[in-house]
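Input: a single structure, listed below in structure tokens.
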Amino acid sequence: MRTQCLIFLVGLLFADYGGGYAGSSFRYGSNARAFSLSGALVADKTSGFYAFSNPALLKHVRSNQLDLSYQAMSLDRSIQSMCFVRPLPPSAGVGVSILRSSTGNIMGKNSMNEDTQIFTSQDILGIISFGVSFSTKIALGLNIKAFFSSIAPEIIEI
């Protein structure tokens with residue numbers, strides 16, 4: 001009982017409240033399999049999309065792979081992903097990935113609740129990944145990420 005209470009308290013302390021933070025639009029899966037399994041692919045291999053789930057799995061890459069995914073969702077949302085992975089003999093791999101999450105046809109309103117303009121929003125995540133295996137049971141993976149956001153470029157000039 002004490003162990004369960006301790007696990008519960010540690011879970012509360014380190015809970016991730018990602019609903020409203022930068023990058024929360026990338027909590028969706030990067031491909032159909034990850035989307036359907038709610039992102040529970042940390043220890044499972046989805047060929048080509050290792051960078052999004054677990055870069056340590058890049059050691060399993062045996063040939064160059066280019067994987068593309070497009071997911072159209074309700075409310076004019078979409079997710080596009082592209083991942084290129086390449087093996088680095090004898091037991092490593094490297095990958096470059098791009099994930100784009102966008103929303104269109106957002107109806108703008110003014111303070112009088114009158115329609116003003118239709119807006120769009122997009123977030124782009126670029127990832128460079130590296131994974132190496134030290135033995136049959138130990139592997140290390142590293143992701144370097146860059147996040148770009150464009151909210152209503154129709155009215156906000158950068």
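What follows draws every value from the coordinates through simple rules; no lab data is involved. All values derive from a computational prediction rather than experimental measurement. Cβ atoms come from the backbone with ideal geometry, glycine included; neighbour counts cover every protein chain shown.
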Inter-site label distance for residue 146 and residue 60 at 7 Å from Cα along Cβ, in nm:
2.9 nm
So what are the three principal axis dimensions of the stretch 47-158 from its Cα atoms, in whole Å, longest to shortest?
65, 25, 20
